[in-house]
Amino acid sequence: MKPQVNIIVLVDVVGALSERTLNDGNLSLVDDGQFDSPGQGTTRLCTVVSPGQLVQWTAVAVDVQTPVEIRSITFLGSGDAALEEPDAADAQDVPAHEGTAPDLKVWSGFVPPYLVPGAPYRYRLELQMHEGPNSVLHVDSPALMSA
Amino acid sequence: MAQQQAIIVLVDIANALRERTLRGNVYLFDNMRFLGSTGEGTGDLVTAIPGSYWSDGSQGSEQVLNWLPSSLGSIPPTVPRGYHTERSQAIDRQALEDLTALAGQGTVPGADPAAGLADIRSRVGTRARRARGGRAPVGGKLLDITGNAVTGAGTAAVNPPAPIITDVTGEAVDEKIMYPAQYGSPDMVSDGWYWSATVDTARPGTYAYTMHIQLHELVIRDGEQVWEPVDLTCDSAIRVTTEPKYNAFTGAGLGPLPVPAAPSP
């Protein structure tokens, strides 16, 4: 078993900000796991993992001069608060990195042992692109799944 | 993930040549204002360079600077690099066609070939030589900002060559905070060469640096128009900050992913 699975979050920031969506080809998710994860290259990537593996997400901008970073990764519960739309005012908040350097957060963690094999655990991936009122966009479609 | 930062060096060439200084005649911009750059749009830009380090103290991310010189009153740097040559050729072709037409009128009564020739001569413009050892990319026709030829009388309208950065020196380089070099680029619109630097973000502080910028002045030498290089300098600074990386899920060290007990519906 590979000790680590990397998930690359490839973002066309100019496309995403222009169309105000991470869909339509503006976001591509790819992983290097060993279990043939379905949805490679799309926003519906379902990364197949084993308990105990380390998973790490990394954001990469297609245009290297447009800053992008992962603002949050939230696993969606069974119809609880996590599924609610983020508060509009909250999204307009001062960016988390304001006054601090970007690239500080490392998004990684171990796969817990209690996952039900074969069931996708979807997560909300929120991206911060530069700053401004529409600079935070998210998708709810990617998932982790235990082999 | 390292970010690439762009610093636009906008030069008021006419005033800089008149005053023989870039002080007050240069405007600097970068894309890091939201991370704390100050003095955007002035000559006193201090570029914020955010860095980060791992828990063992090693550098977490490097930064890359790109300097892009531009000028007020020039043909914009975004036009294809062959624009100047193509315009020169187009003007010459048009002059040849006009000459052919004029030759055909030779037997037409009342035609004034001398006036026709003078007219063509005024539109075909003049050339300027490249000074010996100069780096000006031009040696061709004098064009104004609209791409039309300029004759001797209208030299004030001449579109000067874009400013060229010839070196980057100073405290930040001496202290080995940044490592500048000139790079070739396949980019057709930026003329192929640009200065870039990687920055060591492990040593926070404010460091000054100096850009050496070459402008070109149109002068008459031995009866010929020549682009004479004029070397000037422009000071700026970077402010390097650095902070520790941390796991975004836990706020501190590595742990299990916060996955709910039941899969999402």
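So how compact is the range B:38-89: Cα radius of gyration and Dmax in angstrom?
19.2, 62
Determine the relative contact order of chain B: mean sequence separation of Cα pairs under 8 Å and six or more apart, normalised by residue count, in whole percent.
Over chain B, the number comes to 22 percent.
Mind giving me the nanometre distance, one decimal, between the label points for B:Ala261 and A:Glu131, set 7 Å out from Cα along Cα→Cβ?
4.3 nm
If you count, for every residue in A:51-63, the Cβ atoms of partner chains within 10 Å of its Cβ, what is the mean? Before the final figure, lay out the partial values.
On the way: counts 1, 1, 1, 2, 1, 1, 2, 1, 1, 1, 3, 0, 1.
Mean shielding count: 1.
Across peptide A:104-115, how many C-beta atoms of other chains are within 10 Å of each residue C-beta, on average?
The shielding value for this peptide is 6.
Report Rg (one decimal) and Dmax (nearest whole number) for the range B:185-265, counting Cα atoms only, units Å.
So, for the range B:185-265, Rg and Dmax equal 26.1, 87 Å respectively.
Lysines near A:Lys2 by alpha-carbon distance under 28 Å, same-chain residues fewer than 8 away left out - which ones?
The reachable lysines, counting only those whose Cα sits under 28 Å from A:Lys2, are A:Lys105, B:Lys245.
Over the range B:147-265, what is the mean sequence separation of C-alpha contacts under 8 Å (at least six apart), divided by residue count, expressed as relative contact order in percent?
Relative contact order of the range B:147-265: 22 percent.
Test of understanding: extend the Cα→C-beta vector of B:Glu19 to 7 Å, then name every residue of the range B:34-76 with backbone N under 16 Å from that spot.
Within reach of a label on B:Glu19: B:41-45, B:72.
Apply the Karplus parameterisation 6.51 cos²θ - 1.76 cosθ + 1.60, with θ equal to phi minus 60°, to every residue of the range B:26-39 and state each ³J(HN,Hα) to the nearest whole Hz, in sequence, with x for glycine and proline.
9, 10, 10, 9, 9, 9, 10, 4, 5, 10, x, 5, 10, x
For the range A:16-57, what is the Kirkwood estimate of the hydrodynamic radius, computed as the reciprocal of the mean inverse distance between distinct Cα atoms, to one decimal in Å? Please list the in-between numbers first.
On the way: mean 1/r = 0.0866 Å⁻¹.
One decimal place: 11.5 Å for the Kirkwood radius.
Using the alpha carbon gyration tensor of chain B, what are the three equivalent-ellipsoid semi-axes (square root of 5 times each eigenvalue), largest first, in whole Å? All intermediate terms of the calculation are to be shown ahead of the outcome.
Working: eigenvalues 551, 104, 36 Å².
That gives 52, 23, 13 Å for the three semi-axes.
Would you mind computing Rg(Cα) / (2.2 N^0.38 Å) for the protein assembly as shown, counting N as its residues?
Dividing the Cα Rg of the protein assembly as shown by 2.2 N^0.38 Å gives 1.34.
I'd like to know which of B:Pro265, B:Ser196, B:Ile220 lies farthest towards the positive end of the charge dipole of the range B:195-265, counting +1 on Cβ of Lys and Arg and -1 on Cβ of Asp and Glu.
Of B:Pro265, B:Ser196, B:Ile220, it is B:Pro265.
Using each residue's phi in the range B:232-242, evaluate 6.51 cos²θ - 1.76 cosθ + 1.60 at θ = phi - 60° and report the 3J(HN,Hα) Karplus result to the nearest Hz, with x for Gly and Pro.
10, 10, 9, 9, 8, 8, 10, 10, 8, 10, 8
Using amide H atoms built 1.01 Å from N in the peptide plane, name the residues 5+ places from A:Asp32, or on other chains, whose amide H lies under 5 Å from its own.
Under 5 Å from the amide H of A:Asp32: A:Asn6.
Report, in debye and to the nearest 20, how large the dipole of the range B:181-252 comes out about its Cα centre when Lys and Arg carry +1 and Asp and Glu carry -1 on their Cβ. It would help to have the intermediate numbers written out before the result.
Details: 4 positive and 10 negative charges, 129 e Å.
Dipole about the Cα centre, nearest 20: 620 debye.
Rounded to whole Hz and in sequence order, give me ³J(HN,Hα) for the range B:257-265 from the Karplus expression 6.51 cos²θ - 1.76 cosθ + 1.60, θ = phi - 60°, writing x for Gly and Pro.
5, x, 8, x, 5, 10, x, 5, x
Tell me, what is the FRET efficiency for B:Ala208 and B:Gln105 to the nearest 0.05, using R0 = 51 angstrom and their Cβ-Cβ distance as r? Write out the running numbers ahead of the final one.
Working: r = 66 Å, r/R0 = 1.29.
Here the calculated transfer efficiency is 0.20.
Go through B:Leu232, B:Val64, A:Pro120 and say which Cα lies farthest out towards the positive end of the charge dipole of the protein assembly as shown; charges sit on Cβ, +1 for Lys and Arg, -1 for Asp and Glu.
About the Cα centre, the residue reaching furthest to the positive side is B:Leu232.
Write down, largest first, the equivalent ellipsoid semi-axes of the range B:189-232 in whole Å, where each equals the square root of 5 times an eigenvalue of the alpha-carbon gyration tensor. List each step's numbers first, then the result.
Numbers: eigenvalues 270, 41, 5 Å².
For the range B:189-232, the semi-axes come out at 37, 14, 5 Å.
Please give the contour-minus-distance gain from B:Asp56 to B:Asp98: 0.36 nm per residue of separation, less the Cα-Cα distance, rounded to one decimal in nm.
Stretched fully, the B:Asp56-B:Asp98 segment lengthens by 7.6 nm.
Spin-label point model (7 Å from Cα, Cβ direction): what's the A:Val64 to A:Asn23 distance in nm?
In this crude label model, A:Val64 to A:Asn23 measures out at 3.3 nm.
Compute the distance in nm between two label points, each set 7 Å from the Cα along the Cα-to-Cβ direction, one at B:Thr151 and one at B:Thr250.
It is 8.0 nm.
Would you check the accessible area of A:Phe110, probe 1.4 Å, heavy atoms only, in square angstrom rounded to 10?
Rounded to the nearest 10, the figure is 80 Å².
Would you please give the residues with an amide H less than 5 Å from that of B:Gly60, counting only those at least 5 places away or on a separate chain, with H modeled from the backbone geometry?
For B:Gly60, whose amide H was placed from the backbone, the distant partners under 5 Å are B:Ser52, B:Tyr53, B:Trp54.
The values are calculated or read from the model by the stated rules, or taken from the named source; none is laboratory data. What you are looking at is a predicted structure, and each value in this text was computed from that prediction instead of being measured. Neighbour counts run over all protein chains shown; Cβ positions are idealised from the backbone, glycine included. SASA here: full protein model, heavy atoms, side chains in, ligands and nucleic acids out. Shrake-Rupley method; radii C 1.70, N 1.55, O 1.52, S 1.80 Å.
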